[in-house]
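Here is the structure we will look at.
The values are calculated or read from the model by the stated rules, or taken from the named source; none is laboratory data. Keep in mind it's a predicted model, so treat the numbers as computed, not measured. Cβ: placed from backbone, ideal geometry, glycine included. Neighbour counts: every protein chain shown. Side chains included, ligands, DNA and RNA excluded: accessible areas come from the protein's heavy atoms. Shrake-Rupley method; radii C 1.70, N 1.55, O 1.52, S 1.80 Å.
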Amino acid sequence: MAAVTRSCRPWGSLLGLFGLVSAAAAAWDLASLRCNLGAFCECDFRPDLPGLECDLAQHLAGQHLAKALVVKALKAFVRDPAPTKPLVLSLHGWTGTGKSYVSSLLAHYLFQGGLRSPRVHHFSPVIHFPHPSHIERYKKDLKSWVQGNLTACGRSLFLFDEMDKMPPGLMEVLRPFLGSSWVVYGTNYRKAIFIFIRWLLTLGHHGRAPPRRSGALPPTAAAPRPALRAQRAGPAGPGAEG
């Protein structure tokens, strides 16, 4: 009887493994179906807010207000199962204030794979929009890219670096995605995150910023202390005051 019992165990293990594989396949099919429905798709969105808070506290020095604003905005957004508009964070300050570092931490603690996640899209004016004369093509491509990726997964992060170097007028195509409408171009975008990074202009000899180019986004007013700023999306668009 003991030999018979031992010979049955592998079959039982195989059947159990087959059941686990079948259950996993069914779960994957269900997840795929939910992702196809758009509004239910979390994709590789794995927020770890305690880890983010800990990392910010340990490695971001001198930005207590910025840390509090970023964490507060993220908590409210992540805990809302049905946000009415996407989360927009505007990070601006001088060199060394931690803008790029904070954005990389957000990607790392919000998405599996961090900046390498297929749901995290990083735009640089030098790499992606180097020629201002191609502005119309850039507008079309950017709108198509954002719309297509939000259609594939509503939980996407769009990171725009060096906003002060973006071609004038390019960001206008994003305005429909930043408001509180339910659907834009047939796409549910309310769970998206947009991060805009801007370098503050260096003040001139008399404490005045140099004149900006016509049509460019208005520069952020300089503060006595370099700081990052977090804000929720609004009708005024990226970089607007909260």
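Of everything in region 92-105, what is among the small types (Gly, Ala, Ser) and open to solvent by 10 Å² or more (accessible area, probe 1.4 Å)? Give them in sequence order.
Taking region 92-105 first, the residues among the small types (Gly, Ala, Ser) are 93, 96, 98, 100, 103-104.
Gly96, Gly98, Ser100, Ser104 - these are the residues of region 92-105 that are among the small types (Gly, Ala, Ser) and open to solvent by 10 Å² or more (accessible area, probe 1.4 Å).
Pairs needed: first member in region 145-167, touching a residue at least 24 places away in the same chain (Cβ under 8 Å) and closer than 18 Å to Lys85 by Cα; second member anywhere, among the hydroxyl-bearing types (Ser, Thr, Tyr) and not in a strand (DSSP E or B); C-beta distance under 7 Å; at least 6 residues apart or different chains.
Taking only residues 6 or more apart or on different chains, the pairs are Gln147/Tyr185; Asn149/Ser156; Leu150/Ser156; Leu150/Tyr189; Gly154/Tyr189; Leu159/Ser103.
For Asp141, all conditions in the list (1) in contact with a helix residue (DSSP H, G or I) (Cβ under 9 Å, 6 or more places away or on another chain); (2) open to solvent by 80 Å² or more (accessible area, probe 1.4 Å) hold save one; what is the number of the exception?
(2)
Can you spot a residue in region 66-76 that is touching a Leu at 6+ places or on another chain (Cβ under 8 Å), modelled with pLDDT under 90 and surrounded by 13 or more Cβ atoms within 10 Å (Cβ to Cβ)?
Within region 66-76, one or more residues are touching a Leu at 6+ places or on another chain (Cβ under 8 Å), modelled with pLDDT under 90 and surrounded by 13 or more Cβ atoms within 10 Å (Cβ to Cβ).
All but one of (1) part of a helix (DSSP H, G or I); (2) modelled with pLDDT under 95; (3) surrounded by 13 or more Cβ atoms within 10 Å (Cβ to Cβ) hold for Gln58; state the number of the condition that does not hold.
All conditions are met except number (3).
All but one of (1) open to solvent by 30 Å² or more (accessible area, probe 1.4 Å); (2) modelled with pLDDT under 95; (3) in a helix (DSSP H, G or I) hold for Met171; which doesn't?
The failed condition is (1).
Just give me the residues in region 106-138 being more than 25 Å from Pro168 (Cα to Cα), open to solvent by 10 Å² or more (accessible area, probe 1.4 Å) and aliphatic (A, V, I, L, M), in sequence order.
Initially, region 106-138 is screened for residues more than 25 Å from Pro168 (Cα to Cα), giving 106-119.
Then drop every residue that is not open to solvent by 10 Å² or more (accessible area, probe 1.4 Å), which leaves 108-109, 112-113, 115-116, 118-119.
Matches in region 106-138: Leu115 only.
Take Leu89 and tell me if it is more than 18 Å from Asp164 (Cβ to Cβ) and crowded, with 17+ Cβ neighbours inside 10 Å.
Details: more than 18 Å from Asp164 (Cβ to Cβ): no; crowded, with 17+ Cβ neighbours inside 10 Å: yes.
No: the conditions fail for Leu89.
Is there a residue being among the small types (Gly, Ala, Ser), within 18 Å of the chain's Cα centre (by Cα) and open to solvent by 30 Å² or more (accessible area, probe 1.4 Å) anywhere in region 179-192? First the steps, then the outcome.
Narrowing region 179-192 to residues among the small types (Gly, Ala, Ser): 179-181, 186, 192.
Right, trim to within 18 Å of the chain's Cα centre (by Cα) and you get 179-180, 192.
Next, from what is left, pick out any that are open to solvent by 30 Å² or more (accessible area, probe 1.4 Å): 180.
Among the residues of region 179-192, at least one is among the small types (Gly, Ala, Ser), within 18 Å of the chain's Cα centre (by Cα) and open to solvent by 30 Å² or more (accessible area, probe 1.4 Å), which makes the answer yes.
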